[in-house]
Amino acid sequence: MKKKLLSILLSASMAATLLTGCGGGQPAESQGSDAAEENTAEDDSQNAGSAETSGDTAEAGDTASSDEEITLRIMSSIQTEGEASLESAMAEQYMADHPNIKIEYIAVANNDLNAQIITLNSSDDLPDAFYMNTAFMPQAKSMGIVIDPTEYLGDDFLNSMDPSIIEYASTDGQLMVVPWFMVPIALIYRADWMGETDYDTIETMEDFRNVGKAFTNGTDRWGFALVGLQNGSGEARFSQYVKAFGVDEIYQDDSGAWVSDLTEDKYRTALQTFVDLDLVDGIVPPGATETGYPEAVTYFANEQAGMIISGSNALGAIVSQNPELDGKLASVPIPSQDRHVTNLQVSGYSITTACEHPQEMADFLKYMADKENAITFAAETGRMPVASDALEDEMFDTPAYQGFVDCIQYALPYPTYSGYSEVQDIMGESYNSMLSGVSIDDAMAQVESRINTLLAETTE
Amino acid sequence: MKTKSHKQEQFQPSKMSLSELTPYLFIFPVLLLLVMLVVYPLSYGVYISFFDTDLGKNWSFAGFRNYLVIFTQDNFLKNIWVTFKFAFLVVAGHFVIGILLGLALNQKKRGTTVFRTILVLPWLFPDVVIALIFKWLANPMYGLFNSFLLEHGLIEKQISWLGSTQWAFAVVVLVCIWKGYPMVLVNVLAALQSVSSDILEAARVDGANAVQLLFRIILPAIKPVLATTVILDVVWWFKHYTIVELLTSGGPNSVTSIVSIGIYKEAFQYFKFGRAAAMAVVVFVICYLISKVFRKVLSDDE
């Protein structure tokens, strides 16, 4: 009988454990994601004064009273990267200044971020804000999970930056992201190696190719660290390359229909010249198709490559791997075949529809983007400020940053097409397959087939 | 019908004694767990496959359109073919290495315990760690493979092991064989220890050589274990994702583009969850059929 009783108790306790483990009903503020690591950037000195440090405060009519305890849950990919301590330090300082605000970071790797947001949205458990990847903006707009924070930010904040930055942070007229920093794409090169060439700067694609040849010795030094892996990182760089040839991957014609230049001769030319950098000119280190951004930066930092198309954050990554390169780097806008171009890659946090305190969240996000914080952050990471007065700081008046500052004027609007990531994948497949030996005709036939199918689905 | 009503009469909790209820109480937690973790996700996956959805507010009924699309586009069928090749080669590799090592380690010799421990290690490493280790070993510029081959004059210039269509698939398969053979090894080793030494001795007395012993006595004796292992292994590697994604992301030129990578892309890169779910349902059906076929072929009916 004792055994029976014991067995019943055990089974009952097992069932209870299960039910407890699966039970919902906890307040949203305390819920986290299984796959995410939750960090609380809480400072011991929370009782410090509550001086306002966020600069211009927007209309704060609906701001919660200062003694109401508020928790802001922020899903951050920065928390999984080297810049985590810088971001946490800002949050700690803000909490010290606002004792009623508690900021919790949910750390999620950038590659998993979109999937996490979609999953959390399907279970009605969105955080208050999340780090927005540019490519995810059209999808987030379509899903209706992000609010337009304009009313909480105030005119002073929005007017402090170039209108092109606001445009980048918007989709179909809705401000999707509170701009925090930008990572414009330009060409980084070894300024000290330029003395070995006949060039003072790199203006055109022809210059780029010739400088690449001059940098290359074919044994342990190559001209260009080409990211040939078929992933978002490689595709984003290739996208800028083909745009310099006048290609617009996806855009709306006068009738409003989505059309693409990927089937045009100018894309064919751009694609051919891109892969020829490896296959014909021989200025790319071996293994281009398996070279991702980390490998490319390593080649550059180890002085095995002299040029790389990248965002300004690569400056920080290169110098941190090889401090001896500090002062030896320079940058120029993406060389022109038809035009100079860049993607500003305006980054920051989006406030979700689940956020109950958008005013407080907006205030914190403004604090992160203010001049002092932005310059400190840029100095450590290479991620550039969005505020115009911060960009005038002397640290950006150097050869390393010159190209990134100059290229801002060439920014093209980011496509708002909801299937843009698939368009990028089509381009990625084309360069990756050609680097693997596929002919231009076959690659273009595949491009044509996929883009036409995609456009037909869009029309349906 | 008679049987059914008889059963209904039997299961009347209010009239059951505590001892009669006990088995159901034991079953309940696991049943609940199965419904929550297996039945619900599977059913939800099938449900999604009939919609065009972003899993948010946008849901539009698509009927069988997602299934029609994936079967009329080359990519999915190509991915399925690559996956069959990949799973077949990986599982074959596991069984060859696993059985040979299992036979070797089944002998009562000094040091076998140490080797057993060492040889099981690949199984204990996480997929991510293994993928990153091999990615750097195979790196054309810094990798140990190229460094060794160049140093010994076996190659003249760096080979892009993971970046060339000639090598990438083979390297990925080899890495996955290295990662997964211990599962077969452990199962085979356990099964071998249950093979009666009397039967083996009798076969030897009858004049059987080592090959005949292996194919006529040992393998038939451990066939039930092998059958279960092959089903688990095939299904596991048919839907594998991590190592291939980290090593090649399906490239170069899609030579390593297994179906799980296609599904992930469809869902989390293109945000076409309905189509991705339809692909996943097809993979589920394929895995189920594989399981049925193996059970039939490897059954002990004869």
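The values are calculated or read from the model by the stated rules, or taken from the named source; none is laboratory data. In this text, all values refer to a predicted model and were calculated from it rather than measured experimentally. Using ideal geometry, Cβ is built from the backbone for each residue, glycine included, and neighbour counts are taken over all protein chains shown. All accessible areas refer to the heavy atoms of the entire protein, side chains included, with ligands and DNA or RNA removed. Shrake-Rupley method; radii C 1.70, N 1.55, O 1.52, S 1.80 Å.
Tabulated results
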| item | result |
| --- | --- |
| Residues of the protein assembly as shown: accessible area per residue with a 1.4 Å probe, Å² | 46 Å² |
| Global form of the protein assembly as shown, assessed from the alpha-carbon gyration tensor, a/c cut-off 1.5 | oblate |
| Partner chain coverage, peptide A:110-117 - average Cβ within 10 angstrom | 2 |
| Nonlocal amide H pairs with B:Ile155, under 5 Å, H built at 1.01 Å | B:Leu150 |
| Sequence-distant residues sharing a close amide H with A:Ala107 (under 5 Å, placed H) | A:Glu37, A:Glu38, A:Asn39, A:Ser76 |
| Projected-area mean, region B:69-226, by convex hull of Cα positions, square nanometres | 14.0 nm² |
| In region A:178-257, the chymotrypsin sites (Phe, Trp or Tyr not before Pro) that fall in loop regions by DSSP, at most 15 other Cβ within 10 Å | A:Tyr199 |
| Paired Rg and Dmax values of region A:54-196, which use every Cα atom, in angstrom | 17.7, 64 |
| Reduction of at least 40 Å² in accessible surface, 1.4 Å probe, comparing all protein chains with the chain by itself, residues of region A:263-310 | A:Pro286, A:Glu290, A:Glu295, A:Tyr299 |
| Summed buried accessible surface, chains B and A, 1.4 Å probe, nearest 100 Å² | 3800 Å² |
| Reachable aspartates and glutamates, given that their alpha-carbon falls under 14 Å from the alpha-carbon of B:Lys179 and they are not under 8 places away in the same chain | B:Asp127, B:Asp233 |
| Neighbour-limited loop hits for GluC sites (Glu not before Pro), region A:342-424 (at most 13 other Cβ within 10 Å; DSSP other than H, G, I, E, B) | A:Glu356, A:Glu392 |
| Gyration tensor verdict on chain B (Cα atoms; rounded if a/c is under 1.5, prolate if a/b is larger than b/c, oblate otherwise) | oblate |
| Net charge of Cβ neighbours under 12 Å - reference A:Ile351; Lys, Arg +1; Asp, Glu -1 | -4 |
| Total formal charge among the other residues, if their Cβ is under 12 angstrom from that of A:Met194, Lys/Arg +1 and Asp/Glu -1 | -3 |
| Note, ³J(HN,Hα) from phi for region A:388-405, Karplus 6.51, -1.76, 1.60, rounded to Hz, x at Gly and Pro | 4, 5, 5, 5, 7, 4, 5, 5, 8, 9, 10, x, 4, 9, 4, x, 6, 6 |
| DSSP-defined antiparallel bridges as percent of all bridges, the protein assembly as shown, nearest 5 | 70 percent |
| Sequence-distant residues sharing a close amide H with A:Met176 (under 5 Å, placed H) | A:Ser170, A:Thr171 |
| Out-of-range pairs (alpha-carbon distance over 18 Å; input B:Lys109/B:Lys223; B:Lys135/B:Lys265; B:Lys85/B:Lys239) | B:Lys109/B:Lys223; B:Lys135/B:Lys265 |
| Stretch in chain B that is longest and holds no chymotrypsin sites (Phe, Trp or Tyr not before Pro) that DSSP places in a loop and that have at most 13 other beta carbons within 10 Å | B:65-302 |
| Using θ = phi - 60° and Karplus 6.51 cos²θ - 1.76 cosθ + 1.60, couplings along region A:231-242 (whole Hz; Gly, Pro as x) | 8, x, 5, x, 5, 5, 5, 4, 4, 5, 4, 6 |
| Two-site label geometry, B:Lys15 and B:Leu219: point separation in nm, points 7 Å out along Cα→Cβ | 5.6 nm |
| Global form of region B:219-291, assessed from the alpha-carbon gyration tensor, a/c cut-off 1.5 | oblate |
| Whole-Hz ³J(HN,Hα) from phi, Karplus 6.51 cos²θ - 1.76 cosθ + 1.60, for region A:414-430, glycine and proline x | 6, x, 9, 5, 5, x, 4, 5, 6, 4, 4, 5, 4, 5, x, 5, 5 |
| Helix-only [θ]222 nm of the protein assembly as shown, DSSP H runs n ≥ 4, -39500 (n - 2.57) each, per residue, nearest 500 | -16000 deg cm²/dmol |
| Exercise: per-residue mean of other protein chain Cβ atoms within 10 Å, B:246-259 | 5 |
| Region B:15-61 - percent of accessible surface contributed by carbon and sulfur, probe 1.4 Å | 77 percent |
| Partner chain coverage, peptide A:435-441 - average Cβ within 10 angstrom | 4 |
| Accessible area of region B:67-297 belonging to carbon and sulfur atoms, whole % at 1.4 Å probe | 69 percent |
| Excluding exposed DSSP-loop trypsin sites (Lys or Arg not before Pro) (at most 16 other C-beta within 10 Å), longest clean stretch of chain B | B:158-302 |
| Centroid-to-centroid separation of region B:138-177 and region B:202-258 [C-alpha atoms, Å] | 25 Å |
